[in-house]
1. Quick one: in the stretch 267-279, which of the residues that are surrounded by fewer than 23 Cβ atoms within 10 Å (Cβ to Cβ) and in contact (Cβ under 8 Å) with a residue 60 or more places away in the chain is nearest to PRO298 (Cα to Cα)?
2. Quickly run through the stretch 326-340 and pick out the residues that are crowded, with 17+ Cβ neighbours inside 10 Å and of a type outside the set (S, T, N, Q).
3. Tell me whether the stretch 284-295 contains one or more residues that are part of a helix (DSSP H, G or I) and either touching a helix residue (DSSP H, G or I) at 6+ places or on another chain (Cβ under 9 Å) or among the aromatic types (Phe, Trp, Tyr) (or both).
4. What are the residues in the stretch 93-103 that are in contact (Cβ under 8 Å) with a residue 60 or more places away in the chain, assigned to a loop (DSSP other than H, G, I, E, B) and open to solvent by 60 Å² or more (accessible area, probe 1.4 Å), if any?
5. Evaluate the stretch 345-355: report whether one residue or more is at pLDDT 95 or above, open to solvent by less than 30 Å² (accessible area, probe 1.4 Å) and farther than 30 Å from LEU76 by Cβ.
6. Please specify each residue of the stretch 303-314 satisfying the condition of being open to solvent by 50 Å² or more (accessible area, probe 1.4 Å) and without any contact (Cβ under 8 Å) to a residue 40 or more places away in the chain.
7. Of the residues TYR192, TYR248, only one is touching a Gly at 6+ places or on another chain (Cβ under 7 Å) and in a strand (DSSP E or B); which?
8. Which members of the stretch 162-178 meet the condition of being open to solvent by less than 40 Å² (accessible area, probe 1.4 Å) and either over 24 Å from SER218 (Cβ atoms) or part of a helix (DSSP H, G or I) (or both)?
Amino acid sequence: MNVAMRNARPAAPARASCGRRAVVVKAVSTPEKAGTVNVARNENFGKLRAGYLFPEIARRRKAHQEKNPDAKIISLGIGDTTEPLPPYIANAMAQAAAGLATREGYSGYGAEQGQGALREAVASTFYSGLRTADEIFISDGSKCDIARIQMMFGSKPTVAVQDPSYPVYVDTSVMMGMTGDHNGTGFDGIEYMVCNPDNSFFPDLSKAKRTDIIFFCSPNNPTGAAATRAQLTELVAFAKRNGSILVYDAAYALYISNPDCPKTIYEIPGAEEVALETCSFSKYAGFTGVRLGWTVVPKALKYADGTPVHTDWNRVMTTCFNGASNIVQAGGLACLQPEGLKEMKAMIEFYKENARILKATFLEMGFKVYGGDDAPYIWVGFPGKPSWDVFAEILERCNIVTTPGSGFGPAGEGFVRASAFGSRENILEAVRRFKEAYGTRN
């Protein structure tokens, strides 16, 4: 081949003589996907407007600390115990842990429902003559049990809650798909049973709609109000009349001083046919980090088709839970021995005294104050002020963390919750700061 031939450009292709126009095909880029997989998110999580209440408080506290690095912040926010574990109870767990290092003391998996001795002790200590040990299920705490209870019920039941109340009841209902969207005040599909000073923090049940599930906490978190025997009798009758299941949260029952306020729903005749009860060692023995609680499911409680709820709860626990730590259960058993009960009651009394100090302070300053007598929480009114604004104001002026009432429900707007869980030194310093910042109100 000569040079001329090598350098010659190839001739352009002949155009078609039929008159058709050439078609130019352009590649279309595929939009870049946001995720790494093709799995849709559970749409119910998208309904939750913000993070869970207490992590949000922690975030704002952290931001304040970064802005004011020298500030000594006192937390009266999340209800977290602060005092060391009582010696008798702690020693029982230490001995159980040491025993696991021996051939004779080692144990592996235990019964998912809890050790027999502990179930018996819970039944005899808190439910003597009311419930039996095989109706007690030991767990890693009430919060976890509430989530498992929701899983057992599924997404179809309708739900009612006290308003205000512990946010786990609402948030788990949303996650399960029991609700509609947030409407700017609360979630569609949830029956908010308003509890405020006008009704002595007990809902007007004559105005409440029928729901499948009713969450009720006494003493109430956050208001500190404990329901009376007459009120709980009305509540049980309401559940029976409507064929509803009552999920009764008794996490603060031992803080009750008023003899007219039952420490368990099973003091009310007939409650075993409509109610299950959850409770915890967290606020009794300082087990917030240790983790131990229980749920009571009476065998008399039956679904519409006659199936005992006990049967399904047993299936949930044996399928989704491997049992509470054997070390922790040794601590729980120690709590219910004479020496352990003495230590546990002393710890409760310590926090109750903190509550009395805080309540007296707010009353002295002229605030409207509720709770603090039968519960470790003080519910303080700031009429006309958004709760988060009050939270921010107290944090800015006093370097004290509280909990905004609106985080517990629409009816909590205009209030903040102060927790009595703290060292005596911190409680007294908080009192000094409150008085300095707010003085006496007319």
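The values are calculated or read from the model by the stated rules, or taken from the named source; none is laboratory data. Values in this document were obtained by computation on a predicted structure and should not be read as measured data. Cβ placement follows ideal geometry from the backbone for every residue including glycine, while neighbour counts extend to all protein chains displayed. To get the accessible areas, we keep the full protein, side chains included, count just its heavy atoms, and leave off ligands, DNA and RNA. Shrake-Rupley method; radii C 1.70, N 1.55, O 1.52, S 1.80 Å.
1. GLU272
2. Step one: filter the stretch 326-340 for residues crowded, with 17+ Cβ neighbours inside 10 Å, giving 326-336, 340.
The answer is ILE327, VAL328, ALA330, GLY331, GLY332, LEU333, ALA334, CYS335, LEU336, GLY340.
3. Taking the stretch 284-295 first, the residues part of a helix (DSSP H, G or I) are 284-285.
Now drop any that are not either touching a helix residue (DSSP H, G or I) at 6+ places or on another chain (Cβ under 9 Å) or among the aromatic types (Phe, Trp, Tyr) (or both), which leaves 284-285.
Within the stretch 284-295, one or more residues are part of a helix (DSSP H, G or I) and either touching a helix residue (DSSP H, G or I) at 6+ places or on another chain (Cβ under 9 Å) or among the aromatic types (Phe, Trp, Tyr) (or both).
4. So in the stretch 93-103, the residues in contact (Cβ under 8 Å) with a residue 60 or more places away in the chain come out as 93, 95-97, 100.
From what's left, assigned to a loop (DSSP other than H, G, I, E, B): 100.
Residues satisfying the conditions do not exist here.
5. no
6. Of everything in the stretch 303-314, those that are open to solvent by 50 Å² or more (accessible area, probe 1.4 Å) and without any contact (Cβ under 8 Å) to a residue 40 or more places away in the chain turn out to be TYR303, ASP305, THR311.
7. TYR192
8. Matches in the stretch 162-178: PRO167, VAL168, TYR169, VAL170, ASP171, THR172, SER173, VAL174, GLY177.
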